[in-house]
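Here's the structure we're looking at; comments come further down.
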């Protein structure tokens, strides 16, 4: 990964040169964990790794683990690079927190090891099945952001469906809509730039008003002192 100091980046920017991007930029979401876009030197700060990248890495780890278990001596045959407990936590994060309701981890485990996933059932009543996921992707016509938004809204609806008190539901829906409100990365960056520009202008305006008030108060104090002083 390319790592530059702030001074080096300032020099590149002063020379009108582009700042090198991290080599794994294409593997990561342009949005941060909270769904917003943050700019650094007018470029988005990379967010978490994309779903397909995380799933690919997990498959590789499990495949290597299976090879080690098959080829290692009997005394090392049960060696684990990643435990079932860790897999269960990864699965929970993917399905519950990231709303990846496809629940691909058990399938990835089987494809990599040719063994059934040893973990527990995460949900006896999944939001939608594998066939419905395929149909949803077809309806989104390759629009990944649209697919992710629809998937997250379905996940939220499922989570709050059986709750007596649905406190937080509208906030969860609002956050999902904010995350999925962009047309693409370029649209998201333009929104972030506009927001940053408006904030900068607001700060400048506030400082100008503060200066006017301070100057006005100063002149009042000067005038008051002048009136109170004895004059010949």
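No value in this document is a laboratory result; all are computed from the given coordinates. Predicted, not measured: the structure shown is a model, and the values here were computed from it. In this analysis, Cβ positions are derived from the backbone assuming ideal geometry, glycine residues included, and neighbour counts consider all displayed protein chains.
For a paramagnetic label modelled on residue 63 (point 7 Å from Cα along Cα→Cβ), amide N atoms under 17 Å away belong, within region 113-139, to 113-115. With neighbours defined as other Cβ atoms within 10 Å of a residue's Cβ, the residues 29, 74, 200 order from fewest to most as 74, 200, 29. Note on 34, 146, 99: ascending count of other Cβ atoms within 10 Å places them as 34, 146, 99, the fewest first.
By the count of neighbouring beta-carbon atoms within 10 Å, fewest first, 78, 103 end up ordered 78, 103.
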